[in-house]
Amino acid sequence: MRVRSAIGEVRGLGSARSGAHHWWLERLTSVATLLLFIWFFVSLLRLPNLNYGTVTEWLRSPLAAVPMLLLIVSTFWHLKLGLQVVIEDYVHEEGSKFFSILLLNFLTIAGAALAFFAVLKIAFGGVAS
């Protein structure tokens, strides 16, 4: 049983076969981000206080640093996927769409790299500047 019309096949319209994958990744990263944020808030609530020394000492533990790095990856990946859909839906001129997605990719990678670096610097005992 065919769902597409004959004219749709002639024009080449229909699924590009990437929408389902993108949709699935958005759902997966949203669940991962939610679970990691719950871990993050519960971990912070369990600390005796939230001063600089206590939080940096907590983040030096691999049991805190690794989930924090995963939280950074899942948050920025989810951010990129969601904003990409907004750009694809609402930016209609192809040049602007290409530039916007390029800028989005650059900014999300830069933001994630900066956050990753900050966590690694604390985790490996560097002094924050």
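The values are calculated or read from the model by the stated rules, or taken from the named source; none is laboratory data. The model shown is predicted, which means the values in this text are computed figures rather than measured ones. Please note: Cβ atoms are built from the backbone with ideal geometry, for glycine as well, and neighbour counts cover all protein chains shown. In case anyone asks, the SASA skips ligands and DNA or RNA and just uses the protein heavy atoms, side chains included. Shrake-Rupley method; radii C 1.70, N 1.55, O 1.52, S 1.80 Å.
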Practice problem: For THR29, state whether it is open to solvent by less than 80 Å² (accessible area, probe 1.4 Å), assigned to a helix (DSSP H, G or I) and closer than 22 Å to ALA110 by Cα. | Solution: yes
Practice problem: Scan the stretch 104-124 and report the pairs whose first residue is free of Cβ contacts under 8 Å to residues at least 12 places away in the same chain and whose second residue is open to solvent by 40 Å² or more (accessible area, probe 1.4 Å) and of a type in the set (A, V, I, L, M, F, W, C), with Cβ atoms within less than 7 Å and a gap of 6+ or a chain change. | Solution: LYS121/ALA128
Quiz item: When you scan the stretch 94-129, how many residues do you find that are part of a helix (DSSP H, G or I), under 30 Å from THR56 (Cα atoms) and open to solvent by 40 Å² or more (accessible area, probe 1.4 Å)?
Solution: 12
Quiz item: Just checking, how many residues over the stretch 49-59 are within 17 Å of TRP39 (Cβ to Cβ), of a type outside the set (Phe, Trp, Tyr) and open to solvent by 30 Å² or more (accessible area, probe 1.4 Å)?
Solution: 2
Practice problem: Give VAL91, VAL85 a once-over and let me know the one that is surrounded by fewer than 17 Cβ atoms within 10 Å (Cβ to Cβ) and in contact (Cβ under 8 Å) with a residue 12 or more places away in the chain. | Solution: VAL85
Practice problem: Inspect the stretch 37-45 for any residue being within 28 Å of LEU81 (Cβ to Cβ), open to solvent by 40 Å² or more (accessible area, probe 1.4 Å) and β-branched (Val, Ile, Thr) and give the result as yes or no. | Solution: yes
